[in-house]
Amino acid sequence: MLAGILLLAFVSLLGILSHRQSRLEKKVLKNIPLIDWIMIMGIPVGIFAGWYILTGNILDREKIPFIPMDDFDILGVLTLFMIYVAIGLGVHFTAKVLWRFLSAEKKSDAHKINEMLHNKFSHYMAYFNGFFAIFMLCILEINHPLNIPMFSSNILLIILAGIICGFSLCKMILYTDEWFGGYNKPLVFLVFILLGLILNISRVLKLNNRYYPVKFFITTVFASFLISFAIRQVLIFTRLGHKRRLRFLAKILSV
């Protein structure tokens, strides 16, 4: 269980560190930058391995039906979300590669369509479905608590992994230095809503986090994501001039 959580945290951190390496962008294999090969081949494999470990560990535990849903139904919905995540990653990979050859034709319809797929469509497809898949994994574990509570050392490792993963997700989604709301804002709202649902379910069912390592990890990921987002916006705001601060606040507060 802990191995799967640490693997997911490592993969998310690797994704951020890879983006920071300009050498990976410049090295080309079959006309495709090495960073794109890593993102489409290496990162998804690591994510799948982490999910496989966590899902197998959860299903090996005794079932206590706190939530009236069959495991097969939950796994079916979770798998559907994961399929759409894979589709989103594939679209993003293809569009980003084509961008290298279409960037000189910015007025063409091909470039405009490719930019739409590269930006909004693929990001929404991957991140929206990814967050819902994470939420469904949390729902699955609620019906499969541990037999004995976690040790304090494991809790600390899970908190650390959750902070790393949440921060990395925030950096991946809000990668630019100056973000003024834009199409990424619904993703922040979604995380806020899903985190609220998890906390309310835990409160109503009176769940003890020591028996739910995956749920505790996911809660930490979502909370870390939102905190990282808030800190990031404050830091950006303090670096802006007066007029740009007004524009920034208008974008953030707009619906």
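A short reminder: the numbers here are calculations on the coordinates, not readings from a lab. Nothing here was measured: the structure is a model prediction, and the numbers come from that model. A quick note on method: Cβ atoms are made from the backbone with ideal geometry, for glycine too, and the neighbour counts reach across all protein chains shown.
With log10 I(q)/I(0) by the Debye sum over Cα atoms at q = 0.07, 0.10, 0.16 Å⁻¹ defined as stated, name the option among (i) -0.42, -0.65, -1.10; (ii) -0.27, -0.55, -1.27; (iii) -0.37, -0.59, -1.13 computed from the structure displayed. The value matching this structure is (ii).
Could you compute the FRET efficiency for K27 and S108, with r as their C-beta to C-beta distance and R0 at 25 Å, rounded to 0.05? The computed FRET efficiency comes out at 0.35. Counting 0.36 nm for each residue step from T238 to I64 and taking away their Cα separation leaves a gain of 57.7 nm. About its Cα centre, segment 2-253 has a charge dipole of approximately 1260 debye under the convention of +1 per Lys or Arg Cβ and -1 per Asp or Glu Cβ, with nothing else charged. Each helix, a run of at least 4 DSSP H residues, gives -39500 (n - 2.57); summed and divided by the residues of the chain, these come to -24500 deg cm²/dmol at 222 nm.
Whats the longest run of the chain with zero GluC sites (Glu not before Pro) that are DSSP loop and have at most 11 other Cβ atoms within 10 Å?
63-177
Along the axis of the charge dipole computed for the chain (Cβ charges of +1 for Lys and Arg, -1 for Asp and Glu, origin at the Cα centre), the listed residues M116, M69, L235 are led at the positive end by L235.
One decimal place: the segment K206-K251 gains 12.4 nm when fully extended, by the rule 0.36 nm per residue minus the C-alpha distance.
Compute the long axis of helix 213-238 from its Cα atoms, compare it with the longest principal axis of the Cα atoms of the chain, and write down the angle in degrees, 0 to 90, nearest 10. Approximately 30 degrees, to the nearest 10.
Between M172 and W99, what's the calculated FRET efficiency when r is the beta-carbon distance and R0 is 22 Å? Round to 0.05.
It comes out at approximately 0.80.
If r is the Cβ-Cβ distance from I43 to A3 and R0 is 25 Å, what FRET efficiency results, to the nearest 0.05? My answer for the efficiency is 0.90.
What the phi angles of segment 184-195 give under the Karplus curve with 6.51, -1.76 and 1.60, with θ = phi - 60°, is a coupling list of 7, 4, x, 5, 5, 4, 4, 4, 4, 5, 5, 5 Hz, glycine and proline written as x.
Which trypsin sites (Lys or Arg not before Pro) in segment 197-255 pass both tests, a DSSP loop state and at most 14 other beta-carbon atoms within 10 Å?
Numbers: sites: R203, K206, R210, K215, R232, R239, K243, R244, R245, R247, K251; in loops: K206, R239.
Qualifying residues, ordered by number: K206, R239.
In the chain, the longest principal axis of the Cα atoms and the axis of helix 71-102 are about 20 degrees apart.
Calculate, in nm to one decimal, what I16 and F192 gain on full extension: separation in residues at 0.36 nm each, minus their alpha carbon distance.
Values: separation 176, 0.36 × 176 = 63.36 nm, distance 2.23 nm.
Length gained between I16 and F192: 61.1 nm.
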